[in-house]
1. For the charge dipole of the range 228-354, defined by +1 on Lys and Arg C-beta atoms and -1 on Asp and Glu C-beta atoms about the Cα centroid, which residue among 298, 230, 321 has the Cα displaced farthest towards the positive pole?
2. What GluC sites (Glu not before Pro) in the range 28-137 are in a loop by DSSP, with at most 15 other Cβ atoms within 10 Å of the Cβ?
3. The range 142-200: which chymotrypsin sites (Phe, Trp or Tyr not before Pro) are DSSP loop and have at most 11 other beta-carbon atoms within 10 angstrom?
4. With the cut-off at 19 Å, report for the range 246-327 the share of all Cα pairs above it, as a whole percent.
5. May I ask you to list the lysines whose Cα is less than 29 Å away from that of residue 128, ignoring any residue fewer than eight positions away on the same chain?
6. Could you pull out every one of the lysines with an alpha carbon less than 27 Å from that of residue 168, ignoring same-chain neighbours closer than 8 positions?
7. Can you pull out the trypsin sites (Lys or Arg not before Pro) in the range 155-259 that DSSP calls coil and that have at most 11 other Cβ atoms within 10 Å?
8. Using a 1.4 Å probe on the protein heavy atoms, what percent of the accessible area of the range 15-346 belongs to carbon and sulfur?
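The values are calculated or read from the model by the stated rules, or taken from the named source; none is laboratory data. Everything quoted here is computed from the prediction, not taken from an experiment. Positions of Cβ are generated from backbone atoms using ideal geometry, with glycine treated the same way; all protein chains shown enter the neighbour counts. Only protein heavy atoms, including side chains, enter the accessible area calculation; ligands, DNA and RNA are left aside. Shrake-Rupley method; radii C 1.70, N 1.55, O 1.52, S 1.80 Å.
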Amino acid sequence: MQSTKPTSPPPLLLALGRLPVDRVPVWFMRQAGRSLPEYRSIRGSESILHVLKDPELSAKITLQPVERYGVDAAILYSDIVAPYVSMPLELDIVPGLGPVAGAPLRGPGDLDRLRPLDPDRDLSAMAKTVDICTSALEVPLIGFAGGPFTVASYLVEGRPSRDYLLTKELMFNDEQSWHHIMDALVDVALTVVGVQVAHGASVVQVFDSWIGALSPRHFNRFVKGHLERLAAGISTLGVPSIYFGVGTVGLLPEIIDIGFAAIGLDWRSNLRSAALKYGGSMALQGNLDPAVLFATEPLLLAEVAATLEESAPAAGYVFNLGHGVLPATDPGKLAAVVSFVHESGLALRTEEFE
Ligand code: CP3
């Protein structure tokens, strides 16, 4: 049977490769989920971990935003801590709170709770979900894994935290256990994205949301080498990688040479400065404040236009928010952003060079 899929590379892949595009690609972190009425109507009230056992349902949720918005990518519906459910960490994801570990990692005696994943046993539902998604999609599926610092922050603290004190205490005082944890979490991330790519994901995003809690010196000493191994491992899979964190502006000089194809900026970063400084060596993604979706539509679209203009010095650019879609967001506003980026994005990015 002949494939009906388009043959020219999708705009997202072109942009991540810093190649010319015929439209500016756009997708949203957390595009699937509570902001969509069609999600709320099929989601039920069980933990997301329960939903993830059902590949048909997980795939349906993954595809919903593509159908509604015409975004340039789907992102797999899962969670950064989901791969750890089979380990003896008493892991749960509590609605309104986030990941909770009843048996957290606090010292050397706990390290054997982290064990390598067996893809056949631990990731078969995820693999099936990716299969269903990629056979239905005409745009790329983005796979993902958590960055090791961010995942560690949940597994060590045992719950979402503001200051990551237990995590940093372990990092400073027991460097050997820290590196052991980082090694194990990178192994898990590589197994997870390996399965996602083997089943058809064509981009990988590393969500390291809380990495901005570290000083550049501590980032370099405690995390950077592990991210280098993660980026190199994703490269061997033959897909581009995006590294996203919140509050990374002071870390950008350290992040830039790690080996990721692109960096996702949060809204506190100056997109134009980043584009001028780093746009020659990396693609950039971001970075509209998700709260701007609560402004009136004319204001919102002016903000989208300003973001596109700021991105112009970067050869490769992907429009996104600076963090995830907030649950109370009006889906109509997201649809308006997608149309605007597709219709006017290219002109706004090139105008200043004419
Ligand atoms: O972009 C996407 O929607 C893809 C799927 C995805 C989810 N979580 C689904 C999810 C991704 C990439 C994540 C990553 C994730 N999970 C991060 C990094 C990105 C970020 O937002 O900073 C973090 C920090 C987590 C941890 C986590 N999981 C939190 C803080 C929460 C929110 C808890 C709540 O209910 O407010 C979750 C749960 C979660 N993960 C939901 C979704 C859609 C919402 C709850 C649900 O539907 O049950």
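1. Value computed over the given set: 230.
2. Details: sites: 38, 46, 56, 67, 90; in loops: 46, 90.
Those satisfying the criteria are 46, 90.
3. On the way: sites: 144, 149, 154, 164, 172, 178; in loops: 164.
Of the chymotrypsin sites (Phe, Trp or Tyr not before Pro), not one in the loops of the range 142-200 has a Cβ with at most 11 other Cβ atoms within 10 Å.
4. Details: 1063 of 3321 pairs.
I get 32 percent for the Cα pairs in the range 246-327 exceeding 19 Å.
5. Answer for residue 128, where 29 Å is the Cα cut-off: 5, 53, 60, listed by chain and number.
6. Within the straight-line limit of under 27 Å, residue 168 reaches these lysines: 224.
7. Values: sites: 162, 168, 217, 221, 224, 229; in loops: 162.
For trypsin sites (Lys or Arg not before Pro) across the range 155-259 that sit outside H, G, I, E and B with at most 11 neighbouring Cβ atoms in 10 Å, the list reads 162.
8. On the way: 6750 of 12730 Å².
For the range 15-346, the apolar C and S fraction of the accessible surface comes to 53 percent.
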